[in-house]
1. Can you tell me which of (1) in contact with a Phe, Trp or Tyr (Cβ under 6 Å, 6 or more places away or on another chain); (2) open to solvent by 30 Å² or more (accessible area, probe 1.4 Å) is the one residue 50 doesn't meet?
2. Inside the stretch 32-115, counting only helices (runs of 4 or more DSSP H) that do not spill past its ends, which hold 2 or more residues that are closer than 18 Å to residue 142 by Cβ?
3. Among residues belonging to the stretch 168-211 that are of a type in the set (A, V, I, L, M, F, W, C) and part of a loop (DSSP other than H, G, I, E, B), point out the one that is nearest to residue 146 (Cα to Cα).
4. So, of the residues in the stretch 153-172 that are without any contact (Cβ under 8 Å) to a residue 60 or more places away in the chain and surrounded by 15 or more Cβ atoms within 10 Å (Cβ to Cβ), which turns out to be farthest from residue 204 (Cα to Cα)?
5. Does residue 112 satisfy the condition of being open to solvent by less than 50 Å² (accessible area, probe 1.4 Å) and basic (Lys, Arg)?
6. Of the conditions (1) more than 28 Å from residue 52 (Cβ to Cβ); (2) among the polar types (S, T, N, Q); (3) open to solvent by less than 30 Å² (accessible area, probe 1.4 Å), residue 71 fails just one. Which one is it?
7. In this structure, is residue 36 at pLDDT 95 or above and of a type in the set (Asp, Glu)?
Amino acid sequence: MKKKLVVLTGAGISAESGIKTFRDSDGLWEGHNVQDVATPEGWRKNPALVLDFYNQRRKQLKEVEPNLGHQILAELENYFEVYIITQNVDDLHERAGSSNVLHLHGELLKVRSSKNPNYILDWSEDLNFGDFDENNNQLRPHIVWFGEEVPALDEAITITQSADYFAVIGTSLQVYPAAGLIDYAQRETPIFYIDPKPIKIPNLRNPLEVIPEVASKGVAFLREKLLGQLQ
């Protein structure tokens with residue numbers, strides 16, 4: 001049986017494909033305050049701004065491609081049972097070929113009912129006022145905004161608990177509850193932490209290897225380390 005590699009990815013892996021993160025510029029995301037475009041309050045205050053913001057992000061996503069980091073993680077499925085748990089809302093892991101991707105914070109290429117969270121549609125074009133669900137409720141981006149619950153968290157915890165190897169790639173480990181997943185890895189599970197500016201992880205019980213590199217270089221190094229353990 002293949003061993004299970006569970007990977008938590010954040011904005012750092014998508015940044016190399018040209019997708020910006022609000023953490024790059026003092027809380028601004030593509031020039032917008034995150035409170036205005038990524039909170040329920042922002043949606044209630046100015047839904048037109050929020051719709052336009054995510055329409056622009058959807059357009060941007062069509063212009064970028066998966067990078068080497070995404071591609072190597074997909075390639076590792078030849079050797080391991082790989083599960084990607086991502087904080088990213090793009091589809092770059094899927095486009096690179098990863099089979100098992102769980103999106104903690106929603107997906108840019110989906111929308112959902114503003115009243116029924118279980119009414120979810122695939123959506124690749126602009127989302128506009130007057131785009132309704134079956135009960136004439138306005139559709140909204142299928143994004144987990146700040147202050148909202150993370151529906152996929154329980155599944156992510158279960159996956160993490162079953163990991164033989166756990167890797168953290170391109171995330172600041174500052175956004176909870178996603179950052180807390182690392183605490184659910186079994187005590188003997190080795191953890192690999194890839195980030196050009198790694199932080200100290202307090203009270204970690206696991207074997208830890210820090211790889212202070214950008215995602216693509218770090219994932220290439222991770223591949224060599226893991227494949228070496230199979231020999």
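The values are calculated or read from the model by the stated rules, or taken from the named source; none is laboratory data. As the structure is a prediction and not an experimental result, all values here were calculated from the model. Note that each Cβ is placed from the backbone with ideal geometry, even for glycine, and that neighbours are counted across all protein chains shown. Calculation scope for accessible area: heavy atoms of the full protein, side chains included, ligands and nucleic acids excluded. Shrake-Rupley method; radii C 1.70, N 1.55, O 1.52, S 1.80 Å.
1. Tallying (1) in contact with a Phe, Trp or Tyr (Cβ under 6 Å, 6 or more places away or on another chain); (2) open to solvent by 30 Å² or more (accessible area, probe 1.4 Å), residue 50 fails exactly one: (2).
2. Details: elements: 34-37, 40-45, 47-62, 68-75, 92-96.
Correct list: 34-37, 40-45, 47-62, 92-96.
3. Of all residues in the stretch 168-211, those of a type in the set (A, V, I, L, M, F, W, C) come to 168-169, 173, 175, 178-179, 181-182, 185, 191-192, 194, 199, 201, 204, 208, 210-211.
Pick out the ones that are also part of a loop (DSSP other than H, G, I, E, B) and you get 173, 175, 185, 199, 201, 204.
Working: 173: 15, 175: 10, 185: 25, 199: 22, 201: 23, 204: 26 Å.
The extreme case among them is 175.
4. Looking only at the stretch 153-172, we keep the residues that are without any contact (Cβ under 8 Å) to a residue 60 or more places away in the chain, and these are 153-155, 157-158, 161.
If we keep only those that are surrounded by 15 or more Cβ atoms within 10 Å (Cβ to Cβ) too, we end up with 153, 157.
Details: 153: 20, 157: 16 Å.
Ranking the qualifying residues of the stretch 153-172, first place goes to 153.
5. Values: open to solvent by less than 50 Å² (accessible area, probe 1.4 Å): yes; basic (Lys, Arg): yes.
Against the criterion (open to solvent by less than 50 Å² (accessible area, probe 1.4 Å) and basic (Lys, Arg)), residue 112 qualifies.
6. (3)
7. Values: at pLDDT 95 or above: no; of a type in the set (Asp, Glu): yes.
Spelling it out, it is not the case that residue 36 is at pLDDT 95 or above and of a type in the set (Asp, Glu).
One line per residue, one yes/no per condition, for (1) over 25 Å from residue 79 (Cβ atoms); (2) out of contact with any Ser or Thr (no Cβ under 9 Å at 6 or more places or on another chain); (3) of a type in the set (Gly, Ala, Ser):
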{"site": "127", "(1), (2), (3)": "yes, yes, no"}
{"site": "146", "(1), (2), (3)": "yes, no, no"}
{"site": "156", "(1), (2), (3)": "no, yes, yes"}
{"site": "178", "(1), (2), (3)": "yes, no, yes"}
{"site": "223", "(1), (2), (3)": "no, yes, no"}
{"site": "228", "(1), (2), (3)": "no, yes, yes"}
